[in-house]
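Working notes, structure below.
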Amino acid sequence: MEIVIIGAGVVGLATAWRAAARGAAVTLVDPAPASGASSVAAGMLTPVSELTYGEEPLLRLGLASRERYGPFVAELEELTGLSTGYRTDGILEVAFDADDLGYLHDLRRFQESLGIPTEALDRRECRRQEPMLAPSVRGGLLAPEDGSIDPRRLTAALLAAGERLGVRLVRERAAAVLVERDTAVGVRLDGGAELRADRVLLAAGPWTGDVEGLPPGLVPPVRPVKGQVLRLRTRVPFLRRTTRGLVRGSSVYLVPRADGEIVVGATQEEMGFDTRVTAGGLWELLRDARELLPGITELEFAEVSAGLRPGSPDNAPVMGPTALPGLVLGTGHFRNGVLLAPISADVLAAALLDGEAPEVGRPFAPDRFEQSEQKV
Ligand SMILES: Cc1cc2nc3c(=O)[nH]c(=O)nc-3n(C[C@H](O)[C@H](O)[C@H](O)COP(=O)(O)OP(=O)(O)OC[C@H]3O[C@@H](n4cnc5c(N)ncnc54)[C@H](O)[C@@H]3O)c2cc1C
């Protein structure tokens, strides 16, 4: 089977690898592979710490993906010989003031009601876990099974894995999906060349709606949600594990890597396709991070960047076959695309090769928005 994938972010790349492993002939089309949100993301693998009221189906998907991460990474690293910086040492979430602590207590009750184990830590235990935390930190929660990965290393390994399995990379923008007799039959590139295929996967992150040729209303709206992050560097041990904090209701996280990088993130801004880094965005991150870990002001500054999370109308991914035969969608992964990469790749490879998404992916089918409109 010939498959063309539009977009080589973490979703397109992971799917290309899994589909090629299942025997498909895959072509990836992207003018700048792995340059979107996947190159900015912190890489927390945290269905539990990111848990939000009303997002239980997403939680289940996140838990299922976290479970697949170990074997996914082991296979990827063995095939390519590249490290992804995968860590499973848990995520600590701490509270700065009494209100923040109250919120964490509520979150813990909610997590427990869903049968998810987290450990409540008092002030002293938080500082025993992370000695650099400010003495004023009130307490926290440990999600022992959460972890992190370096998304830049992950996408580099996925590109290499695809190459090993014969995935062809076309470094050009896809202008349109080719539709003949009400079926998607390939892609037209910006330069005018056409790539024919049995199936097309549209996985262009927040740019998914820019690809032309499709019937109106087929692709649910996907909006860009800006996130600014900064990268610091340390030569001495500073943080043992990913630490998230609530500081007077505002949330900040620090994700350490084995090579000394520490990613501090992230703002969440509805600003359209704006990727400017702003003084205010960075100030907020540094202000809150310093409240939690005063020593960060001593660390070396390495980089600032801003990326665009692809957000669907309900902030959950949009994955699976569409009403247009031959066209599969893989977008809308919002804050969780790195976490959801293994499961999305399996769901999308099945949608492409078997014509339907497996059970676990069904709640995220593209037609769910049509259905809710009809009900209204
Ligand atoms: C600041 C920040 C922090 C984040 N932290 C985390 C985290 O800790 N954990 C987590 O799980 N997720 C995190 N995310 C979310 C995660 O990064 C995204 O959900 C994920 O990267 C989405 O992947 P994607 O492949 O859909 O899109 P992208 O990575 O944006 O890739 C889209 C690709 O499509 C290509 N493209 C666009 N238009 C076309 C076209 N017409 N033709 C061909 N190619 C095209 C682009 O060049 C790009 O390479 C974070 C995101 C941000 C911004």
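The values are calculated or read from the model by the stated rules, or taken from the named source; none is laboratory data. Everything quoted here is computed from the prediction, not taken from an experiment. A quick note on method: Cβ atoms are made from the backbone with ideal geometry, for glycine too, and the neighbour counts reach across all protein chains shown. Each accessible area value is taken on the protein alone, full model and side chains, heavy atoms only, with ligands, DNA and RNA left out. Shrake-Rupley method; radii C 1.70, N 1.55, O 1.52, S 1.80 Å.
What are the residues in segment 46-85 that are within 14 Å of the chain's Cα centre (by Cα) and of a type in the set (A, V, I, L, M, F, W, C), if any?
Selection gives Leu58, Leu59, Leu61, Leu63.
Which of the following residues is in the same structural domain as Leu327 (by TED's automatic domain parsing) and either surrounded by 17 or more Cβ atoms within 10 Å (Cβ to Cβ) or away from the ligand (no atom under 11 Å from the Cβ) (or both): Ala258, Ala197?
Ala197
Could you tell me whether Pro317 is open to solvent by less than 10 Å² (accessible area, probe 1.4 Å), in contact with a helix residue (DSSP H, G or I) (Cβ under 8 Å, 6 or more places away or on another chain) and within 15 Å of the ligand (Cβ to nearest atom)?
Spelling it out, Pro317 is indeed open to solvent by less than 10 Å² (accessible area, probe 1.4 Å), in contact with a helix residue (DSSP H, G or I) (Cβ under 8 Å, 6 or more places away or on another chain) and within 15 Å of the ligand (Cβ to nearest atom).
Suppose we filter Ala306, Ala323 for residues that are touching a residue at least 40 places away in the same chain (Cβ under 8 Å) and in the same structural domain as Asp346 (by TED's automatic domain parsing); which single one remains?
Going through Ala306, Ala323 in turn, just one is touching a residue at least 40 places away in the same chain (Cβ under 8 Å) and in the same structural domain as Asp346 (by TED's automatic domain parsing): Ala323.
Do we find that Leu178 is open to solvent by less than 60 Å² (accessible area, probe 1.4 Å) and either near the ligand (Cβ under 10 Å from one of its atoms) or within 30 Å of Asn315 (Cα to Cα) (or both) in this structure?
yes
Would you pick out the residues in segment 261-291 that are part of a loop (DSSP other than H, G, I, E, B), closer than 14 Å to Glu303 by Cα and away from the ligand (no atom under 13 Å from the Cβ)?
Arg276, Thr278 - these are the residues of segment 261-291 that are part of a loop (DSSP other than H, G, I, E, B), closer than 14 Å to Glu303 by Cα and away from the ligand (no atom under 13 Å from the Cβ).
Say whether the condition of being modelled with pLDDT of 95 or more and not in a strand (DSSP E or B) is met by at least one residue in segment 112-120.
no
In segment 203-239, what residues are of a type in the set (D, E, K, R) and over 21 Å from the mean Cα position of the chain (by Cα)?
Matches in segment 203-239: Glu212, Arg233, Arg235.
May I ask you to list the residues in segment 209-251 that are open to solvent by 50 Å² or more (accessible area, probe 1.4 Å), in a strand (DSSP E or B) and within 11 Å of the ligand (Cβ to nearest atom)?
Glu212
I'd like the full set of residues that are among the β-branched types (Val, Ile, Thr) and open to solvent by 20 Å² or more (accessible area, probe 1.4 Å), limited to segment 275-314.
Answer for segment 275-314, where residues must be among the β-branched types (Val, Ile, Thr) and open to solvent by 20 Å² or more (accessible area, probe 1.4 Å): Thr275, Val277, Thr278, Thr297, Val304.
To keep it simple, each residue is scored yes or no on (1) of a type in the set (Gly, Ala, Ser); (2) out of contact with any Leu (no Cβ under 9 Å at 6 or more places or on another chain).
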| residue | (1), (2) |
| --- | --- |
| Arg196 | no, no |
| Ala204 | yes, yes |
| Gly227 | yes, no |
| Thr242 | no, no |
| Glu269 | no, yes |
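Residues are listed down the side, and each one gets a yes or a no for (1) of a type outside the set (Asp, Glu); (2) without any contact (Cβ under 8 Å) to a residue 24 or more places away in the chain; (3) in contact with a Lys or Arg (Cβ under 8 Å, 6 or more places away or on another chain):
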| residue | (1), (2), (3) |
| --- | --- |
| Leu76 | yes, no, no |
| Tyr86 | yes, no, no |
| Asp100 | no, no, yes |
| Cys126 | yes, no, no |
| Leu141 | yes, no, yes |
| Asp146 | no, no, yes |
| Ile149 | yes, no, yes |
| Arg152 | yes, no, no |
| Leu158 | yes, no, no |
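Would you be able to say whether some residue in segment 140-147 is open to solvent by 20 Å² or more (accessible area, probe 1.4 Å) and closer than 30 Å to Gly295 by Cβ?
yes
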